[in-house]
């Protein structure tokens, strides 16, 4: 049957050359609507057929992935062979077969080497094949591989720094979803940063990955009158649990150097200048249940970090246990007639506990390289970078124990659609950062004194403000006006406009 939308084309073409763009646009629109309606009708019909026959005995005779010429067959077989009926002691039901294959298709999606969506087709084997049974089905998964090479260059600005960067990503290098990422950047504060990492799923499991990497960077820390040079390597094992928890176990070996001291550098900074080697094990646990990591309106986020350096079989010349925890919660604010308003609150806290390098020596005081820093557009807004905590003259020294908090009220911008990632915000934020008391008989006593000082001796430093938020899929951008309300002696507040960019903002 002829397409009714095309029935007059020949006649119209005889009357004049070409087609009126408006007429063609309308025809294309009608054709797309018709095709969409046909697709939806076929999808509903398929759903009805599956539902009506969901309990029928079914055996999966084969699973074939079409459109993956650069992916190893053995890699794909490790995902789908366990699903084949020959490896089970009873037939599936049709619903069970589709569920199992969908789980395998989801694994393909999470490998990040195929475009979405992945199409799934069911077919009966030829009846002339004597090896088949009436319950057999063949399953076909149609995929489209992503580009194996991705190169990105650009510039960015935020947190008082501008930079130019180049990122190169090589996907599916050996046909097993391996990736090689190479990054290079030059900036006003991070003068140079180079890193490379190779990542591969283990046993074709996208939830279990191994990463090897290395870095070299040079960063000016003007708030502490020095430049920090890093050279090192790491090994990471990542695991994603069925409930969404992410675990990362890593070993890091980093050579650090505090160099290029300014003439006005304080005695404390000069004392820590020179080389040090950190060898450490870290474990990071993350559970993100927010509806949007950059602009959440509901849900919770929890992250914990534990690092052990220079203890037991680990080498290096620094030794400590370092723990940090962060939590965030978001909830919509129901106001009649007003939609899109949400309230978020966040809390971070951390402790650095110095250890001895061997059992005979006393714990060494922490170094400026390893201490926490607090203050700036991504945590305690309304204060300068590293504006909170101990100082020696004009130099920020960091601290061994801290907490920081933030409460944010986000509401939509008038005449801007709710589905756009722009919001106004009003916030109150604050925190405290302390060094462990050098006095005291032992480390436990020093930590106890610091905790009592942290929570029981006066107000924390606090600031309030308003601003504009843009939640890009890669990072969150904020333009804020902040007003320090409580500034403890020696700390550096910052009244006025600030611009911040971050992946995880308090």
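The values are calculated or read from the model by the stated rules, or taken from the named source; none is laboratory data. Remember, it's a predicted structure, so these values are computed and weren't measured experimentally. Counting neighbours? That spans all protein chains shown, and the Cβs are built from the backbone with ideal geometry, glycine included.
For residue 466, the stated conditions do not hold, so it cannot be described as surrounded by fewer than 20 Cβ atoms within 10 Å (Cβ to Cβ) and either at pLDDT below 95 or part of a loop (DSSP other than H, G, I, E, B) (or both).
Going by what's in this entry, would residue 335 be described as out of contact with any helix residue (DSSP H, G or I) (no Cβ under 9 Å at 6 or more places or on another chain) and at negative phi? Let's see the steps before the verdict.
Details: out of contact with any helix residue (DSSP H, G or I) (no Cβ under 9 Å at 6 or more places or on another chain): yes; at negative phi: yes.
Spelling it out, residue 335 is indeed out of contact with any helix residue (DSSP H, G or I) (no Cβ under 9 Å at 6 or more places or on another chain) and at negative phi.
Only residues that are without any contact (Cβ under 8 Å) to a residue 24 or more places away in the chain and either under 20 Å from the mean Cα position of the chain (by Cα) or surrounded by 17 or more Cβ atoms within 10 Å (Cβ to Cβ) (or both) were counted across segment 179-196, and they come to 9. The single residue among 209, 238 that is surrounded by 17 or more Cβ atoms within 10 Å (Cβ to Cβ), closer than 26 Å to residue 506 by Cα and without any contact (Cβ under 8 Å) to a residue 40 or more places away in the chain turns out to be 238.
Please work out if residue 436 is over 30 Å from residue 343 (Cβ atoms), in the same structural domain as residue 356 (by TED's automatic domain parsing) and not in a helix (DSSP H, G or I). Yes, satisfied.
Among all positions in segment 476-486, there is no residue which is in the same structural domain as residue 382 (by TED's automatic domain parsing), surrounded by 15 or more Cβ atoms within 10 Å (Cβ to Cβ) and outside any strand (DSSP E or B).
Scanning segment 332-352 for residues that are part of a strand (DSSP E or B) and over 30 Å from residue 433 (Cα atoms) gives 332, 335, 338.
Filtering 162, 232, 176 for residues that are surrounded by fewer than 17 Cβ atoms within 10 Å (Cβ to Cβ) and either under 16 Å from residue 107 (Cα atoms) or outside the structural domain of residue 497 (by TED's automatic domain parsing) (or both) leaves a single hit, 162.
Highlighted here are the strands (runs of 3 or more DSSP E) found entirely within segment 65-180 that include at least 3 residues which are under 30 Å from residue 376 (Cβ atoms) and modelled with pLDDT under 95: 149-158, 161-171.
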